[in-house]
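Have a look at the structure below before the remarks.
The values are calculated or read from the model by the stated rules, or taken from the named source; none is laboratory data. These numbers come from a predicted model, not from an experiment. Here Cβ is always computed from backbone atoms with ideal geometry, including for glycine, and neighbour counts include all displayed protein chains. Note: accessible area is taken over every heavy atom of the protein model, side chains too, but ligands, DNA and RNA are not part of it. Shrake-Rupley method; radii C 1.70, N 1.55, O 1.52, S 1.80 Å.
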2 protein chains.
Amino acid sequence: MKTFSINYHLFKREKEGIINIFLKENENVLNSFSKRRIMFKKNMDNRNEKENTIRDVANLAGVSVATAGRVLGGYGSASSKSVSAVKDAAAKLNYIPNGIAQSMKKKNTKTIGLIIANISNPYFSSIARLVEEVLAKEGYNLIICNTDEDSERELSYLRTLYEKRVDGLMIASALKDSESSEDEVLKMYKNSIPTIIIDREIPGIDLPTVTSDNFRGAYEATTHLIKMGHKKIGVIGSNISTLFRRVDGYKQAMEENFLTFDDYLISNKTYDNVSPGDVNEGIFATRELLKDPETRPTAIFPLNNLLTTGALIAIDEMGLRIPEDVAIVGWDDFDLAPLLKPPITVVKQSSYNIANIATNRLLELISNSSLSSEADKKVTLSTELVVRGSCGNKAN
Amino acid sequence: MKTFSINYHLFKREKEGIINIFLKENENVLNSFSKRRIMFKKNMDNRNEKENTIRDVANLAGVSVATAGRVLGGYGSASSKSVSAVKDAAAKLNYIPNGIAQSMKKKNTKTIGLIIANISNPYFSSIARLVEEVLAKEGYNLIICNTDEDSERELSYLRTLYEKRVDGLMIASALKDSESSEDEVLKMYKNSIPTIIIDREIPGIDLPTVTSDNFRGAYEATTHLIKMGHKKIGVIGSNISTLFRRVDGYKQAMEENFLTFDDYLISNKTYDNVSPGDVNEGIFATRELLKDPETRPTAIFPLNNLLTTGALIAIDEMGLRIPEDVAIVGWDDFDLAPLLKPPITVVKQSSYNIANIATNRLLELISNSSLSSEADKKVTLSTELVVRGSCGNKAN
DNA sequence: CTGAAAGCGCTTACAG
DNA sequence: CTGAAAGCGCTTACAG
């Protein structure tokens, strides 16, 4: 029995059909594994063969690689004769430059990473939409990473994005307040990639930030409920740093109005297989909060959009009436809010502004390595309380 | 007045502070433009300086670059002594490999491109969510591109993604039926990047496809409305290829029931500054369709989720009652559908299944260069009519 | 197990 | 205006 030594150069000669002949001749001797490896190599080689490089273009145009590069890349100058020869050749070969090689030399990738909890959350998806739109105009592409509020995953994404040498990073961090001061985390963020933090600050990390005024938004919503005569108000929201700020706003409003709040009114439990702040958390938490007619709050305030959806589902399920049995203020406005019976009062934050400001600052950071006005390194956008009909009025 | 020739080597000596001295000495002579250029160069050099390469790791570990690569990349073998020396060195230098250079050699980028109409459309965002999740487990990142149903933008994205040498492509194409046979388009799609078409077929392009059964979904919904006694049924949806299929399903159902449909019942107008199939199109089209009590249909069927939202908004605005004044079947289920008064009947398609099947096939395509079963190259998933209360019953 | 060297496909400083 | 050559940071076939 013969042995076969299939070396690299043999593969290279695939053009001349050598591998095919080789395969035919020895069909029964080769085991299927090595056959598969050879086929794979063939496929790869085929793929590569199709790919014309700038060298092919230069050859066909009868100029040097340098000149071809100058014409195609628009850098340096070339005679009009060279220009047309190269352009013709490129068109004929259907040449598409290799951006990887370009990135290698130019030290940029024209790619930005966006790290968020969950792209199917309308709040994040509308941010992503706008970020992508502004970025696309400047020639950047967007890589999207879903953390599901898991900081492990966030760190793993960060590492991958660094490896890919993205030109910039926009992060709605899953890091909890306690985690953010760890050394390793800091190291990741402090690496030299221009970074903008959105949606929530990362305590202890000094980077440009664009957030809503979470504290004030929650404070105003709670104050509104109090004005409408509610004294026992429940909030829903677990382990996300934004929500901590909102809970603080709630507490402040309660205290200022001399209202006490028992612990059970602040629902911040996490549930198995439910990521923090998700619809199901809203459903489960609302059920628990409202199940006992004796102790239940007269109003609830789910602290983000998905929790709001969950709360509405649970309330409907339980057959409770809004606002007679329980009033509600939601977080984030949504198209159908005015159509529900009754229409839902919400705290509205502008994903449009967050995305726009953050993206423009990121672009500024990328081109200048610094922000023009250090003064407003932290941008806080005010929220708006949109009063509709879901809070009732127990005051009159 | 002196002239300055600041050459490359001078920049390289920035470490020794030469540029800083140079800048100080000539502060008033340099115009701000050249100062900025010098600062930029400095910044770039600084950035690069920080970046440790595998060469630095090898030097520190006292081994060759090849050995360092073998240890860090996990290919080939190395002595345990080398392994620990290299690992220590890498950790000490906070070494993060350059994925660009790796891609250059390995001919892959571990990146997939997803081309969709609009990531802020819940249908697409839930697809994106799932695609990203499956992909992330296999070590791929996802670049997201919003076309807004504009085929020009789609082609431009395609080109960029080819330049970036993504390993695979998933496309819900904005191409209209008429455009898809153009030569240039075909050329783009026929390039050697593994590609899966989702959501809608591209006529004339023979690539693996995963779609819902749009025809049948619309046929069933229309049939349901007819069974409920509706004879004058309007549909809403403009220039998107999926919607053409749905219109066909509607027509078929109407014809089978010997119902005539005037042209005005098929609302397919486009509006300025409104991308096809968007909420505003739903609002505008519904207003027109329902404005005249004499001619208005007794039921409407908006052909996608955003159009459905728009229709609901318009109906509410006009003060019409569902289903007494107008019945409605929506496309795509949504969390709040059961909570509206009345609950909305919808055609439900499974973004979960589309995303899952499409992603797994793409991964298969990437690793095998072909699909195992050519037979089911085109996968069509059935839809489900979820009957709630928005269709009334004129039949009794 | 290991190192020297080639090469991936570009860009660019240098020298005509 | 143009070409030869170096180099970006890796991987890998080859030869010890």
Task: Average other protein chain Cβ within 10 Å of Cβ, residues B:165-171 - done: 1
Task: For B:Val210, residues with placed amide H under 5 Å, excluding near neighbours - done: B:Ile197, B:Ile198, B:Asp199, B:Val379
Task: Heavy-atom accessible area, 1.4 Å probe, ligands and nucleic acids excluded: residues of the range B:99-122 down by at least 40 Å² from chain alone - done: B:Ile100, B:Met104, B:Lys107, B:Ile119, B:Ser120
- [ ] Find the accessible area per residue for the range A:214-350; the probe is 1.4 Å, ligands and nucleic acids are left out, and the unit is Å².
- [x] 40
Open item on the list: Measuring nothing but label to label, 7 Å from Cα along Cα→Cβ, what are B:Ser77's distances to the other copies in nm, shortest first?
Closed with: 6.1
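Counting only protein heavy atoms and using a 1.4 Å probe, what share of the accessible area of the range A:89-157 belongs to carbon plus sulfur, as a whole percent?
It is 51 percent, rounded to a whole number.
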Open item on the list: In whole percent, and with a 1.4 Å probe on the protein chains, what portion of the accessible area of the range B:287-396 is carbon and sulfur?
Closed with: 48
Task: Full-stretch length increase - B:Asp272, B:Asn108 - with 0.36 nm per residue and alpha-carbon distance subtracted - done: 54.9 nm
Open item on the list: Tell me the total accessible area that B and A bury against each other, 1.4 angstrom probe, in square angstrom rounded to 100.
Closed with: 5700
Open item on the list: Please list, ordered by chain and number, the residues whose modelled amide H lies under 5 Å from the amide H of B:Val235; skip anything fewer than 5 residues away on the same chain.
Closed with: B:Ile266, B:Ser267, B:Phe301
TODO: Output the pairs from B:Lys106/B:Lys378; A:Lys137/B:Lys291; B:Lys137/B:Lys176; A:Lys176/B:Lys106; A:Lys190/B:Lys107; A:Lys105/B:Lys110 with a Cα-Cα distance over 28 Å in this structure; if there are none, say none.
DONE: B:Lys106/B:Lys378; A:Lys137/B:Lys291; B:Lys137/B:Lys176; A:Lys176/B:Lys106; A:Lys190/B:Lys107
TODO: Along Cα-to-Cβ, 7 Å out, sits the label point; list in nm, shortest first, how far the one on B:Glu317 is from those in the other copies.
DONE: 3.4
Task: the range B:279-367: GluC sites (Glu not before Pro) falling in loop per DSSP and having at most 14 other Cβ within 10 Å - done: B:Glu294, B:Glu324
Task: At 7 Å out from Cα toward Cβ: B:Phe258 inter-copy label distances (nm, ascending) - done: 7.8
TODO: Could you run the Karplus curve 6.51 cos²θ - 1.76 cosθ + 1.60 with θ = phi - 60° over the range A:217-231 and give me ³J(HN,Hα) per residue in whole Hz, x for Gly and Pro?
DONE: x, 6, 4, 5, 4, 5, 4, 4, 4, 5, 4, 7, x, 7, 10
Open item on the list: Restricting to Cα pairs below 8 Å that are 6+ residues apart, what does the relative contact order work out to for the range B:214-349? Please round to a whole percent.
Closed with: 25
Task: Computed label-point distance, nm, for sites A:Arg287 and A:Arg55 using a 7 Å Cα→Cβ extension - done: 6.5
Open item on the list: As a test of understanding, state the convex hull volume per residue of the range B:54-97 from its alpha carbons, in Å³.
Closed with: 54
Task: Average partner coverage of B:144-155, which counts Cβ from other chains inside 10 Å - done: 2
Open item on the list: Show me, for the range A:67-74, the HN-Hα J-couplings you get by feeding each phi into the Karplus relation (A = 6.51, B = -1.76, C = 1.60, θ = phi - 60°), rounded to Hz, glycine and proline as x.
Closed with: 5, 4, x, 4, 5, 6, x, x
Task: At most 15 other Cβ within 10 Å, DSSP loop - trypsin sites (Lys or Arg not before Pro), the range A:52-118 - done: A:Lys107
Task: By average C-beta atoms within 10 angstrom, highest first, the peptides A:232-239, B:252-259 - done: A:232-239, B:252-259
